[in-house]
Amino acid sequence: MKPISPFRFAQLLLSFHKKELSETDETVVRETLNDYPDLQKLNEELKDKETIRLKLDFMSAFDTEKAIRQVRRKNRTAVSPLSYWIAAAVLLLGIVSSVYFLVPKPEKQPFYSAKLEKEGTHVTLKLADGQLLRLDTLSTYNADKQIGLQN
């Protein structure tokens, strides 16, 4: 038997129940019903007028707008206020850490300690890193290691 479109079969089945089919189409409907037990069951249900009435009442009572609202309501997720605080904290933490790691830090200036040694008219300044500076314009030199310079 040649495959038949479900829509074409539905038309043929409706015409079959109205007894408006030619013999060839009626044969096609009977053979299809014999080949498919589910279609046979459907055909039996179509003969029961009470079942059809109940199903039509159910379909006519179906409110599509209400169903759409329920689906949209279920798909909407509620966001708690705590999630806004968490998002703000994560964002703030990201900004602070980015600034900390990306902004160049100033180089630390080495700490110098000095020792003054008087050599006649000059004073030698010895720094902690080993550098020696010879100062040749010295106005005053005190015993407590303080100096006063003149320009």
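The values are calculated or read from the model by the stated rules, or taken from the named source; none is laboratory data. Predicted, not measured: the structure shown is a model, and the values here were computed from it. Glycine also receives a Cβ, built like all others from the backbone with ideal geometry; neighbour counts cover every protein chain displayed. Side chains included, ligands, DNA and RNA excluded: accessible areas come from the protein's heavy atoms. Shrake-Rupley method; radii C 1.70, N 1.55, O 1.52, S 1.80 Å.
Assorted remarks:
- Within segment 75-88, tally of residues that are of a type outside the set (S, T, N, Q), modelled with pLDDT of 75 or more and surrounded by fewer than 10 Cβ atoms within 10 Å (Cβ to Cβ): 2
- Selection count where residues are open to solvent by 100 Å² or more (accessible area, probe 1.4 Å) and either in contact with a Gly (Cβ under 6 Å, 6 or more places away or on another chain) or at negative phi (or both), scope segment 15-37: 6
- Residue in segment 11-25 that is touching a Leu at 6+ places or on another chain (Cβ under 9 Å) and of a type in the set (Asp, Glu) present: yes
- Annotation note: of LYS105, LYS115, the sole residue that is at pLDDT below 80 and in a loop (DSSP other than H, G, I, E, B) is LYS105.
- Every pair of residues 6+ apart whose Cβ atoms lie under 6 Å, when the first sits in segment 8-29 and is closer than 20 Å to LYS49 by Cα while the second is at pLDDT below 90 and hydrophobic (A, V, I, L, M, F, W, C): LEU12/VAL29; SER15/LEU21; PHE16/VAL29
- If the condition is being small (Gly, Ala, Ser) and loosely packed, with under 10 Cβ neighbours inside 10 Å, then segment 1-14 contributes only SER5.
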